[in-house]
Amino acid sequence: MVPRRLSGSGDSFAGYRARLVEALRAKGIGDLAVLKAFAETPRHLFVPEAVRHRAYEDVALPIGNDQTISQPFTQARYLEALGLRGKERVLEIGTGSGYQTALLAALAATVFSVERVESLARAAQAALREAGVANVSVLHGDGTLGWSAYAPYDAILVAAGGPEIPPPLVEQLAPGGRLLIPVGARGAQTLTLVERGDTGTRRIPLGEAHFVPLVGEHGFDA
């Protein structure tokens, strides 16, 4: 894991981060590595100035371009389901604000993230630099196609809901790897864990999810 720093004003938010961690723990998040990532990652750097005062509330917040930064509990649930142990190569589909990317970077060896909205990709890169996150690469492109140049991946996390599981993502998943994606209609999906074994894949439904649409060649139309 690459050491990270909390820049400048980050230290003044430590108490708020601690309260967020306690809220996540109270809701059932028990993975200590996940809780530590939330305790150390400066969410306020990844939200617009207008909502920065709400950065450590357990709520989704708008980040522009009809996108949101997800509720921390939802992200914690995602990360706990992936069961990362620090040595994985991870692909994230939907960089968004970059906050979840930073959380992944605290839990894995390397993170490759794809964002279809160019302005969000640029803003996320800037926020990741400010937060001192160094083990991440961000690509502007169609996330439903994955990022084949660095495949295979030990884990793939999709931060948007699609009508199906994009075949390129399954192809880029390493043997023994795990893919987490909301699958279903717009606005109402089933969070699905896909595990790739020696003889194929198996799908495990984990419950209801409500995410922005996954747009792209193997997703919804824009």
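Bear in mind these aren't lab numbers, they're just calculated from the coordinates by the rules spelled out. Since the model is a prediction, treat every value here as computed from it, not as a measurement. Positions of Cβ are generated from backbone atoms using ideal geometry, with glycine treated the same way; all protein chains shown enter the neighbour counts.
Give the Rg/Rh ratio for the chain, taking Rg as the radius of gyration of the Cα atoms and Rh as the Kirkwood radius, to two decimals.
Numbers: Rg = 16.0 Å, Rh = 17.2 Å.
Here the Rg-to-Rh quotient is 0.93.
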### Message
Kirkwood hydrodynamic radius, region 18-70, all distinct C-alpha pairs: what's the number in Å?
### Response
11.8
### Query
In region 8-209, with Lys and Arg counted as +1 and Asp and Glu as -1 at Cβ, which of these residues, Leu20, Asn135, Val183, has the Cα nearest the positive end of the dipole, that is, farthest along it?
Leu20
## Note on the structure
Under 5 Å from the placed amide H of Ile69, counting only residues 5+ away or on other chains, we find Leu61, Ile63
### Whole-Hz ³J(HN,Hα) from phi, Karplus 6.51 cos²θ - 1.76 cosθ + 1.60, for region 48-57, glycine and proline x
x, 3, 5, 10, 4, 5, 10, 4, 9, 7
### Query
How big is the Kirkwood radius of region 41-129, worked out from every pair of different alpha carbons and given in Å to one decimal?
13.2
